[in-house]
Amino acid sequence: MAAKKILMITGDFTEDYETMVPFQTLLAVGHQVHAVCPGKKAGQTVATSIHDFEGDQTYSEKRGHNFALNATFADIDPADYDALVIPGGRAPEYLRLDAEVIAAVKHFFEAGKPVAAICHGAQLLAAARVIEGRTVSAYPACRPEVELAGGTYADIAIDGAVTDGKLVTAPAWPAHPAWLSQFMTVLAA
């Protein structure tokens with residue numbers, strides 16, 4: 001597969017595994033990945049959080065790593081990228097309030113480019129109004145957002161993923177093998 005230029009939009013308290021694992025995996029197979037966050041520059045970091053499933057009614061949250069950004073959000077042009085990755089965690093909750101982030105997300109859908117979103121990344125997709133008529137997986141607590149945005153919620157196993165056209169979604173980090181495999185298949189098409 002030819003190397004692709006991929007944009008990752010992330011932010012403070014992004015889910016650690018859903019940010020670091022796809023970032024490193026996509027780099028390891030030869031893609032160029034620019035990780036950006038509104039209001040921050042290349043070289044700065046975002047705080048991550050680790051969400052785990054420990055038998056409670058919802059996931060637990062612990063402080064993760066400092067994830068270094070390698071590009072500056074204010075300097076990027078979505079048209080320069082082949083694909084978009086949206087990690088989950090707490091970041092999509094506030095990133096969806098940023099008009100420039102919403103415009104960037106919309107660009108990828110309007111241009112028919114591959115998009116991968118996991119977990120709470122669906123909140124950003126719903127806010128951008130790009131999932132109407134699509135089948136979308138997400139963390140189960142995001143089901144209302146998916147459905148209110150006109151999407152069909154894919155109630156799949158926590159380690160599964162679903163592809164709808166060029167959109168690949170998954171419920172949470174245990175889905176990395178399926179999610180990244182399906183995303184790379186879409187990238188190669």
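The values are calculated or read from the model by the stated rules, or taken from the named source; none is laboratory data. Since the structure is predicted, the reported quantities are computational estimates derived from the model, not experimental observations. So basically every Cβ, Gly included, is an ideal-geometry build from the backbone, and we count neighbours across all protein chains shown. Protein only, heavy atoms only, side chains kept; ligands, DNA and RNA dropped before computing areas. Shrake-Rupley method; radii C 1.70, N 1.55, O 1.52, S 1.80 Å.
With an 8 Å Cα cut-off and a minimum separation of 6 or more residues, compute the relative contact order for the stretch 73-122 in percent.
55 percent
For the stretch 34-69, run through the chymotrypsin sites (Phe, Trp or Tyr not before Pro) and keep only the ones in DSSP coil with at most 15 other Cβ atoms within 10 Å of their Cβ. List each step's numbers first, then the result.
Details: sites: 53, 59, 67; in loops: 53, 59.
Taking the stretch 34-69 and a limit of 15 other Cβ atoms within 10 Å, the loop chymotrypsin sites (Phe, Trp or Tyr not before Pro) found are 53.
Set the bar at 27 Å for Cα to Cα. Now go through 40/106; 4/62; 41/166; 5/62 and name every pair that lies beyond it.
Values: 40/106 21 Å; 4/62 33 Å; 41/166 29 Å; 5/62 31 Å.
As for pairs spanning more than 27 Å Cα to Cα, those are 4/62; 41/166; 5/62.
Please quote Rg/Rh for the chain to two decimal places, taking the Kirkwood radius as Rh and restricting both calculations to Cα atoms. Before the final figure, lay out the partial values.
Working: Rg = 14.8 Å, Rh = 16.0 Å.
We get a ratio of 0.92 for the chain.
Semi-axes, largest first, in whole Å: what does sqrt of 5 times each Cα gyration tensor eigenvalue give for the stretch 95-166? All intermediate terms of the calculation are to be shown ahead of the outcome.
Working: eigenvalues 69, 36, 22 Å².
So the equivalent ellipsoid measures 19, 13, 11 Å along its semi-axes.
Just to check, using Stokes-Einstein with a Kirkwood Rh over alpha carbon pairs, what's the diffusion coefficient of the stretch 129-189 at 37 °C and 0.692 mPa s in µm²/s? Can you show the working numbers first?
Details: Rh = 11.5 Å.
Rounded, D is 287 µm²/s.
Can you give me the solvent accessible area of residue 8 with a 1.4 Å probe, rounded to the nearest 10 Å²?
0 Å²
Find the accessible area per residue for the chain; the probe is 1.4 Å, ligands and nucleic acids are left out, and the unit is Å².
The answer is 43 Å² per residue.
So between residue 5 and residue 24, what do we pick up on full extension, going 0.36 nm a residue minus the alpha carbon distance?
Numbers: separation 19, 0.36 × 19 = 6.84 nm, distance 1.38 nm.
Using 0.36 nm per residue and subtracting the Cα-Cα distance, I get 5.5 nm.
Please give the solvent-accessible surface of residue 50 in Å², to the nearest 10, using a probe radius of 1.4 Å with every protein chain present.
40 Å²
With all protein chains present, how much of the accessible area of the stretch 1-130 (probe radius 1.4 Å) comes from carbon and sulfur, to the nearest whole percent? Could you put the intermediate results ahead of the total?
Values: 2660 of 5550 Å².
Reported share for carbon and sulfur atoms: 48 percent.
For the stretch 140-189, what % of the accessible area comes from carbon and sulfur atoms, probe 1.4 Å?
Working: 1320 of 2220 Å².
That share works out to 60 percent.
Could you work out how much longer the chain between residue 44 and residue 93 gets when fully extended? Use 0.36 nm per residue separation minus the Cα distance between them, nm to one decimal. Let's see the in-between values first.
Numbers: separation 49, 0.36 × 49 = 17.64 nm, distance 2.06 nm.
Fully extending the segment from residue 44 to residue 93 adds 15.6 nm.
At most 15 other Cβ atoms within 10 Å and a DSSP loop assignment: could you name the trypsin sites (Lys or Arg not before Pro) in the stretch 15-70 that fit? List each step's numbers first, then the result.
Values: sites: 40, 41, 62, 63; in loops: 40, 41.
Filter output for the stretch 15-70: 41.
Keeping all protein chains in the complex and leaving out DNA, RNA and ligands, what accessible area do you get for residue 90 with a 1.4 Å probe, in Å² to the nearest 10?
For residue 90, the solvent-accessible surface is approximately 90 Å².
Taking the alpha-carbon set of the stretch 50-145, what are its Rg and Dmax in Å?
Expressed in Å, the Cα Rg and Dmax of the stretch 50-145 come to 14.3, 43.
Kindly sort 164, 82, 56 by accessible area of their heavy atoms, largest first, with the probe set to 1.4 Å. Mind showing how you got there, number by number?
Numbers: 164 40, 82 65, 56 105 Å².
Largest accessible area first, the residues go 56, 82, 164.
Starting from the Cα of residue 66, step 7 Å along the direction of its Cβ; do the same at residue 132; then give the gap between the two resulting points in nm.
4.4 nm
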